[in-house]
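Let me begin by presenting the structure, written as structure tokens, before commenting on it.
We did not get these values from a lab; they are worked out from the coordinates using the rules stated. Just so it is clear, the structure is predicted and the values come from calculations on it, not from any experiment. Positions of Cβ are backbone-derived with ideal geometry, glycine not excepted, and every protein chain shown enters the neighbour counts.
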Amino acid sequence: MSYDCPRKGDMCKNCGKLGHKTEACRGKVVCFNCGEEGHKSPICKKPKKVMGKVFALSGEDAS
């Protein structure tokens with residue numbers, strides 16, 4: 001089974017949309033931390049969002 005799903009690498013690093021590269025972006029800059037327009041996440045003044053990841057589970061933890 002195959003899906004027509006864009007690869008994550010095809011996402012614009014300026015506006016966060018798919019289908020074009022950052023160099024060709026005509027959209028507004030969007031912060032990937034707070035979602036507001038006008039600044040990028042490295043200079044965002046709102047608290048940084050932390051995304052937790054699970055790397056391994058034991059059999060007990062998984063059930």
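Here are the numbers for the structure shown:
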quantity	calculated
Contour minus Cα-Cα distance for Ile43 and Val29 (0.36 nm per residue)	3.8 nm
Mean Cβ neighbour count within 10 Å, used as a protection proxy, ranking 29-36, 44-51 highest first	29-36, 44-51
R0 of 30 Å, Cβ-Cβ distance Cys15-Val50: FRET efficiency to nearest 0.05	0.85
